[in-house]
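All remarks here apply to the structure that follows.
Nothing in this text is a laboratory measurement; each read-out follows from the coordinates by a stated rule. Everything numeric here is computed off the predicted structure, so don't read it as measured data. With ideal geometry, Cβ positions are generated from the backbone for all residues, glycine too; neighbour counts draw on all protein chains shown.
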Amino acid sequence: MRWLITGGCGFIGKSLIKKLMLDGKHSIRVLDNLSVGKMDSLADIAEVISYQGDNLNAFEPMLDNMPSIELIVADVRDSDVLINAAQNAEIIVHLAANTGVEPSVKKPRLDCEINVLGTFNSLEAARMHKCKRYVFASSGAPLGEVEPPIHEEMAPHPVSPYGASKLAGEGYCSAYFRTYGVETVALRFGNVYGPGSGHKESVVAKFIKQILDREELVIYGDGSQTRDFIYIDDLIGAIIKAATQPDVGGEVFQIATNKETTVQELLNVLLTVSANSDIKGISSSYSRARQGDVMRNYSDTSKAGKLLAWQAETDLEKGLSQTLEWFQKENQAH
């Protein structure tokens, strides 16, 4: 298949591309402004041919079985570049986003411009080029403060600007499916962690960095807030299913583990895993809860099991152990 992946230099994009390249049957084009991810992360996987997005004549329609990864350095807010980049693409996976609650609270306009306009532009590109499938990276954030487990039929009431922008993206996906026939699939990711997350500011990545630096771990709130932590390999499996499974156009899926884990429980497992690697004596403390954070969040993934034939398989301790091992190797390499 011919894939256009926005935000493909980030943690999830890089992991998806690595899996697709291992399959050896795909042509991959990436559009990324390199504000978070770096080109080097793709160069570790395959040869990268890079173009600047302002040179619209530099890249042609995608061809079958390209041996390299094409990288277009551009912003998803640039509609002309996105439309050109999508020529001949069969699947668009839209990962590019302003991620996280805290950045959206600090800069809500920027969050809106990147997440709403960027999603609209990529949907327009899919419509104009008649792409077979469009996969949108959403979140549980559109639902806001609800009694979990969260599921696809719940009415959304976003708490943060980030949740509102992702809800807008889901709304546009629905409209483009029902009005234009673009086969959109929105995936509400749980809290993703795993090898390759060195640039992430997620709770798992942050805790592991602090553990390796022998720093005190700071928990926002009292640690009773819950999340649904999903390992990267499981998430990539869900994205590929969403891109290829027939008869799921227009659907929204919760993609997580169907397990509620408190931040305190996460910390306890991490300390156990760290002790197994001879890292001991790490202290922790508590700080004020962050504005916009919801208290409880975990997902009912039964719809994904039924329609996508997918479920998460990696338990938390195994996933955290493999993630810590990756971070340790990265530290040694640098």
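Some points to look at:
- Those residues of the stretch 10-39 whose amide nitrogen sits under 17 Å from the label point placed on Asn88, 7 Å along Cα→Cβ: 25-31
- Calculated FRET value between Lys38 and Lys209, using beta carbons and R₀ = 22 Å, to 0.05: 0.80
- Loop GluC sites (Glu not before Pro), the stretch 207-316, which have at most 10 other Cβ atoms in a 10 Å radius of their Cβ (DSSP): Glu216
- Lys, Arg +1 and Asp, Glu -1 on Cβ, resulting dipole of the chain about Cα centre, debye, nearest 20: 180
- FRET efficiency for Ile279 and Tyr220, using Cβ-Cβ distance with R0 set to 25 Å, rounded to 0.05: 0.65
- The Cβ shell under 10 Å around Leu71 holds other residues with a net charge of -1, Lys and Arg each +1, Asp and Glu each -1.
- Both the radius of gyration and Dmax for the stretch 44-89 are 10.7, 29 Å, in that order, over alpha-carbon atoms.
- Residue pairs, from the table Lys107/Lys329; Lys18/Lys241; Lys18/Lys107, whose Cα atoms sit over 27 Å apart: Lys107/Lys329; Lys18/Lys107
- In loop segments of the stretch 1-90 as defined by DSSP, the GluC sites (Glu not before Pro) with at most 11 further C-beta atoms inside 10 Å of their C-beta are Glu47.
- Cut-off 14 Å between beta-carbons: net charge of the residues surrounding Pro61, Lys and Arg +1, Asp and Glu -1: -1
- Each residue, Lys306 and Lys329, gets one label point 7 Å from its Cα in the Cβ direction; the gap between the two is 4.0 nm.
- Here Lys132 and Lys18 are evaluated by their C-beta separation; at R0 = 25 Å the FRET efficiency comes out at 0.65.
- Rounded to 10°, Cα long-axis angle of helix 232-244 versus longest principal axis of the chain: 30
- Cβ-defined net charge surrounding Gly37, 11 Å radius [Lys, Arg +1; Asp, Glu -1]: +1
- Placing +1 on each Lys and Arg Cβ and -1 on each Asp and Glu Cβ, with no other charges, gives the stretch 184-334 a dipole about its Cα centre of roughly 220 debye.
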